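To start, the structure under review is shown below, and the notes come after it.
The values are calculated or read from the model by the stated rules, or taken from the named source; none is laboratory data. Quantities reported herein were computed from a predicted structural model and do not represent experimental measurements. Note that each Cβ is placed from the backbone with ideal geometry, even for glycine, and that neighbours are counted across all protein chains shown. Surface accessibility is based on the protein's heavy atoms, side chains included, excluding ligands, DNA and RNA. Shrake-Rupley method; radii C 1.70, N 1.55, O 1.52, S 1.80 Å.
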Amino acid sequence: MGIASTLAPEALGPTITVGEILVEIMATTIGSGFREPQPLVGPFPSGAPAIFIDQVARIGGAAGIIAAVGDDDFGTINIDRLRVDGVDVSAIAVIPGKPTGSAFVRYRPSGARDFVFNIAHSAAGETRMTTEARGLINRAGHIHVMGSAFAIPGIAAILLEAVATVKARGGSVSFDPNIRKELMQGGDGRKLFDDMLAVTDLLLPSGDELLVAADEASEAGSVERLLKLGIGEIVLKRGIDGSSHFSNAFGRVDCAAFKVEEIDPTGAGDCFGAAYLTCRRGGMLPADALVYANAAGARTVTKQGPMEGVSSKAELDQFIVTESRELTA
């Protein structure tokens, strides 16, 4: 049985992440895809790792990202946004001849979304271990891993080296699976996933990702198995049903969701995880950190654009006292 780990304090060094930066462009009409001309809004700075690290910085944590963008306007608006919000952008490479990644998004009548992505063949696919990247890793206290980033060429190797370096200096690791069940059906995908679980201090699954991570059929069985692996904390994102913390130190802690009108759900889970992690690295108890995390996720969906609802600590304090919550988590 593994020994439950703890999250490294802020004093050890910044939270960092590795992965895609892109712009998001949204249709203003509801329909099924992009097979006819239609009005669009954007570009908005985006990319799950970029949203996450922007929220870390906005809520007051030291933050940095290893990524690559094109030498174009889309790359510039992302770098400018991250820099203004307090993120260390020194390890973002600008790749001539490659476009910044993009995602075109349209809502279906059901509320589901259609996407047209250009990530792997964009500048994001050229992310490499540079001198600047290694410098950022060597001073980091925590690294956040997005499961989706492993699908981008070259990023897996950077993540694995970064995780080993951060852990060796007493740092910690959070892991948001953010990956489809089909990719976990045996083979290299499952092994990479399991290797990451073995070094994870904070697991941040959404819904059935908890069952996929544990390869179990029930929530209770999944939690038990993952805690036995040595994962220090599991925080389950339940969307409109709130969230739950599980650990050997604090047991189960549930937190009710805030009731808001959803405009754009993109980035809600990333902001949730960033707020929770930063609050915990700052010494906050899980019950209180969950409130801030739920507030960060809820406030995000009230704005159009993945980073447009990213919140400062003061904004979350105001949101928490003025917005109502569901009675049950």
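Before moving on, here are some points about what is shown:
- Accessible surface of the chain, 1.4 Å probe, proportion on carbon and sulfur as whole %: 53 percent
- Model label sites at T131 and E308, defined 7 Å from Cα along the beta-carbon direction, differ in position by 4.0 nm.
- Of the DSSP H helices in the chain, those whose Cα atoms cover at least 18 Å axially and whose Kyte score averages 0.0 or more: 155-168, 268-281, 286-301
- Per residue, in Å², the accessible surface of the chain once ligands and nucleic acids are set aside, probe 1.4 Å: 42 Å²
- Cα-based equivalent ellipsoid, the stretch 56-125: semi-axes from gyration tensor eigenvalues, Å: 24, 19, 9
- The stretch 66-120 and the stretch 261-329 have Cα centres spaced 22 Å apart.
- Candidate values (i) 38, 23, 20; (ii) 42, 22, 17; (iii) 27, 24, 20 were compared with semi-axes √(5λ) of the Cα gyration tensor in Å computed on the shown model; the agreeing label is (iii).
- Ordering of 46-59, 23-36 by packing [mean C-beta count within 10 Å, highest first]: 46-59, 23-36
- Using Cβ point charges alone (K and R +1, D and E -1), the dipole size of the stretch 182-329 about the Cα centre works out to roughly 400 debye.
- E261/M284 FRET efficiency (R0 35 Å; Cβ-Cβ; nearest 0.05): 0.80
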